[in-house]
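The values are calculated or read from the model by the stated rules, or taken from the named source; none is laboratory data. All of these numbers come straight from a predicted model, not from anything done at the bench. All Cβ positions, even for glycine, are placed from backbone atoms using ideal geometry, and neighbour counts span all protein chains on display. For the accessible areas, the whole protein counts, side chains as well, though only heavy atoms, and no ligand, DNA or RNA atoms are used. Shrake-Rupley method; radii C 1.70, N 1.55, O 1.52, S 1.80 Å.
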Amino acid sequence: MLANLKNSTQTQSTSALDDEQLLALMAHTPQAANNNETCTNQANNRQHAFSILMARHLDKVRALAWRTLQSHADTDEVAQEVFLKIWHKPDRFKPGKAKFSTWLFRVTLNACIDRQRKTKTVPIEPFETVLRDEKPTPEQALSKDQQNQQRGERVNNALQNLPDRQRQAIILSHFEGISNIEAAQILDTSVEAVESLLGRARRSLKAALAKDIHQLLETGNNR
Amino acid sequence: MKHNQMNNQEDQALDHLLDLSTPAPASPQLARHILAAANASGPASNVVEFTPKRNLAKPPYLNPDNWLIGGLMAASLIIGIWSGTNDLSNLLVTAPLELAGIEQPGEFDIYPVLDGFSATESLL
């Protein structure tokens, strides 16, 4: 495979390689350059391959970490942690077992879980409290952007109040657009369990956001 | 039928609401920062494993390593007891002396030496 890879790198630029080829290239080249010219070129190729992988996947990793952790600082730290692991151990990805993106999401989610354990936050108040304490706002007086911003914050709260596994399932399915089969691989569970998690998550979200849903249905503004 | 239609409308409304949730704030310098950290970071051996701690299986109490060490200890104990009861240790000490011609076979006994007598004294 390496021989093929070397040939392919000679005939096409590094940026034309797919994710798995980039990882293989990284796995077979030294991390740091030395005095040898060949090694220096290989190290540069490695760094270029890494940059391409980051350009392709950094936003997805950050989006997943953000939805899971809801903290800007933690999001960036998790993203850095994930990509530094790829930099140091690109051979940890085993082609054929799963797609690179599936593996990457799993690594990211695991990093988020570890971070949540380290910095366990204060539990967020339950749905009922959120709904009861919601101050009545003169919706008509707000612009559409302001309404959407407020709704976005309420959605964030509702998502954070979901149990971890349900939140992870809805993030992967809705926000990352991942199939249930892939989500099952990432969450290390069965497809049926993912479907069940999604069903329960959506029911909880509908209950938590009932007021907004009804408003949208009344105004027909759900497009 | 009407119930299903209502459910579908609610699902669509929920999807719309989910799309309104706050996206990740931009972090334009992060990629450059990660690249710099990668270049500056130490050897790969310092990197922690991918798997979170919850997935690490606890090694079984009895595993192949334990069996090997336990087996060697048991074997050495058995050999020690056996050699102490059939004069093997005496044989091991006297054999080189006998081979060198210093002592005649059967004349030397290790036990008086261990008791504080020399080999000659023990023969007297």
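Worth pointing out:
- Among residues that are under 17 Å from the mean Cα position of the chain (by Cα) and either assigned by TED's automatic domain parsing to the domain that holds A:Cys112 or modelled with pLDDT of 90 or more (or both), A:Leu64 is included.
- Listed here are the helices (runs of 4 or more DSSP H) enclosed by region A:153-223 that have at least 2 residues being open to solvent by 40 Å² or more (accessible area, probe 1.4 Å) and more than 11 Å from every other protein chain (Cβ to nearest Cβ): A:164-170, A:180-187, A:191-208.
- Scanning region A:1-32 for residues that are open to solvent by 40 Å² or more (accessible area, probe 1.4 Å), modelled with pLDDT under 65 and either within 13 Å of A:Lys89 (Cα to Cα) or part of a helix (DSSP H, G or I) (or both) yields a total of 9.
- Of all residues making up region A:81-100, the number that are open to solvent by less than 30 Å² (accessible area, probe 1.4 Å) and under 15 Å from the mean Cα position of the chain (by Cα): 3
- Contacts under 9 angstrom Cβ, first residue in region A:46-61 being over 18 Å from A:Thr75 (Cβ atoms) and at the interface with another protein chain (Cβ under 7 Å from one of its Cβ atoms), partner surrounded by 18 or more Cβ atoms within 10 Å (Cβ to Cβ) and not aromatic (Phe, Trp, Tyr), 6 or more apart: A:Phe50/A:Leu22; A:Phe50/A:Met26; A:Phe50/A:Ile86; A:Phe50/A:Pro90; A:Phe50/B:Ile34; A:Phe50/B:Ala38
- For the criterion of being basic (Lys, Arg), assigned to a helix (DSSP H, G or I) and farther than 17 Å from A:Ile178 by Cβ, A:Arg62 fails.
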